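The values are calculated or read from the model by the stated rules, or taken from the named source; none is laboratory data. Every value quoted in this text rests on a predicted model; they were computed, and no experiment measured them. As a convention, Cβ positions derive from the backbone with ideal geometry for all residues, glycine included, and neighbour counts pool all protein chains shown. Please note that ligands, DNA and RNA were not included when accessible areas were found on the heavy atoms of the full protein model with its side chains. Shrake-Rupley method; radii C 1.70, N 1.55, O 1.52, S 1.80 Å.
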Amino acid sequence: MIGFWSPRGLWLAGAFFAASTLAAAAQQAAQSPPPASPLTGRPDNEAAQKLAPVAAPPLPAAPDELPLAKLKVPAGFNIEVYAAGLANARSLAVGDKGTVFVGSRLIDKVYAIVNKDGKREVKVLASGLYRPNGVAFHNGTLYIAELSKISKIDKVEDVLDNPPKPTVIYDNLPKDEAHGWKFIAIGPDNKLYVEVGQPGNDVLHDDAHGQIRRLNLDGTGAEVVAYGVRHSVGFDWHPETKQMYFTDNGRDWMSEDVPEDELNRVTKVGEDFGAPYCYQGNIPDSEFGWGHSCSEFTPPVGLMGPHAAALGFRFYTGNMFPKAYKNAIILARHGSWNRSKKFGGDVVVVKLDKDGKVKSIEPLITGFLDNNSYVGRPVDVLQLKDGSILVSDDWNGAVYRVSYGKSKVATK
């Protein structure tokens, strides 16, 4: 007997297949992370399934528990603890009177480190804020960037003992949690610059994301100066050319070794640096790169390593360090998490060639990464008036000072 499918049988089979497919999709959706999760796109293999963001300790380390003995600097340099007890210490700024301001990402506080009677004291300058990661100081005013707004405190160093509530100057920022924390800085044009990252690991963002904006210091006149930015948590301006340089973190889950993080340079307003269509200047994205060529976009001036989390940096303009450091970039690499063998977790010296491109990357502080585990994670870099530099560590809630030559205690 020859079997055959009746029309009804075909319909029932199709309905069963569709129902099974929907059920399987529903089950998979229930098990999949939401689109904005850093785990979205994680390959389904044993090695990748072991990787996830590394949670920092819930409390800042006590001064005698800081990993200072493990941190190494080149011969002639010194490293010391500048301040401790600043939970989730992130972005840094310094006032005219030497006050060091410190933002945070996971808690609600902005700190002020002040020098009093030859000793340093940590004050809580503002609390009740939401992801106040970004801080910048200009002409007596402290600017604070939260998740979706920017505020200011005028004459801040005169009111450290009784600070007022920050005054909002700009609130037209997206509220996405993924890459939502902001970095800010004041450019040589006396305008405030703020980054707005992609709202997920690898997403086709809208016109409000994936960019760097600048605005007047009163919050007016906002415009986009750079597009195609996945997530920048650090930028500064070359002391001579005045061109803006910024770090940009590459996407996750493409592979363990690519893409590398980028160091980019803005040469004109409106440049597009590729994300999410192209990464590291020469790798089309596997999902969004179709129909695009990397040649359409501005390539980076240098690569900072695979998943290194290159964050804050400053051009070194001081006179304390050797001449070879003049106008070099001192850059913090927070360190990878979605890589089996972690990379970064250090502070490096990035030297540029005559064309403004990366010539070399040399270590300045190592030891935050020990036996593939973190004992600290550097975030931002700040130069003090004496030419020494500060480095924040959000893992331990501390700020370190690096000097050269005979060590002297910094007062400003």
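Mind listing just one residue for me: the one in the stretch 182-229 that is of a type in the set (Phe, Trp, Tyr) and open to solvent by less than 40 Å² (accessible area, probe 1.4 Å) and, of those, farthest from Ser148 (Cα to Cα)?
The residue in question is Tyr193.
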Report, ordered by the first and then the second residue, all pairs with beta carbons closer than 8 Å, sequence separation of six or more or different chains, a first member in the stretch 185-196 that is modelled with pLDDT of 95 or more, and a second member that is surrounded by fewer than 17 Cβ atoms within 10 Å (Cβ to Cβ) and polar (S, T, N, Q).
-> Lys191/Asn216; Leu192/Asn216
Look at the stretch 275-300 and say how many of its residues are in a loop (DSSP other than H, G, I, E, B) and within 18 Å of the chain's Cα centre (by Cα).
-> 4
Taking the stretch 232-274 and keeping residues among the β-branched types (Val, Ile, Thr), within 27 Å of Leu39 (Cβ to Cβ) and not in a strand (DSSP E or B) leaves Val233, Val258
Would you pick out the residues in the stretch 110-146 that are closer than 18 Å to Asn172 by Cα, open to solvent by less than 10 Å² (accessible area, probe 1.4 Å) and of a type in the set (A, V, I, L, M, F, W, C)?
-> Val135, Ile144, Ala145
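From the list Arg90, Arg42, Arg8, exactly one residue is among the basic types (Lys, Arg) and either part of a strand (DSSP E or B) or at pLDDT 95 or above (or both). Which is it?
Details: Arg42 fails: either part of a strand (DSSP E or B) or at pLDDT 95 or above (or both); Arg8 fails: either part of a strand (DSSP E or B) or at pLDDT 95 or above (or both).
Selected residue: Arg90, the only one of Arg90, Arg42, Arg8 that is among the basic types (Lys, Arg) and either part of a strand (DSSP E or B) or at pLDDT 95 or above (or both).
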Looking at the stretch 195-202, is at least one residue within 14 Å of the chain's Cα centre (by Cα) and at positive phi?
-> no
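Which residues, counting only those in the stretch 273-300, are among the aliphatic types (A, V, I, L, M) and crowded, with 21+ Cβ neighbours inside 10 Å? If you could, list the steps in order and put the result at the bottom.
As a first pass, look at the stretch 273-300 and keep what is among the aliphatic types (A, V, I, L, M): 275, 283.
The one that is among the aliphatic types (A, V, I, L, M) and crowded, with 21+ Cβ neighbours inside 10 Å: Ala275.
How many of the residues making up the stretch 105-125 are touching a Ser or Thr at 6+ places or on another chain (Cβ under 8 Å) and assigned to a strand (DSSP E or B)? Talk me through it step by step, then tell me what you get.
Kept after step one, since they are touching a Ser or Thr at 6+ places or on another chain (Cβ under 8 Å), are these residues of the stretch 105-125: 108-115, 118.
Narrowing further to those that are assigned to a strand (DSSP E or B): 110-115.
Number satisfying all stated conditions: 6.
Yes/no matrix, rows are residues, columns are (1) of a type in the set (Ser, Thr, Tyr); (2) closer than 19 Å to Asp393 by Cβ:
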{"site": "Ala83", "(1), (2)": "no, yes"}
{"site": "Leu86", "(1), (2)": "no, yes"}
{"site": "Ala89", "(1), (2)": "no, yes"}
{"site": "Leu92", "(1), (2)": "no, yes"}
{"site": "Asp96", "(1), (2)": "no, no"}
{"site": "Phe101", "(1), (2)": "no, yes"}
{"site": "Ile107", "(1), (2)": "no, yes"}
{"site": "Val124", "(1), (2)": "no, yes"}
{"site": "Tyr130", "(1), (2)": "yes, no"}
What number of residues in the stretch 255-304 are in contact with a helix residue (DSSP H, G or I) (Cβ under 7 Å, 6 or more places away or on another chain) and more than 22 Å from Lys359 (Cα to Cα)?
-> 3
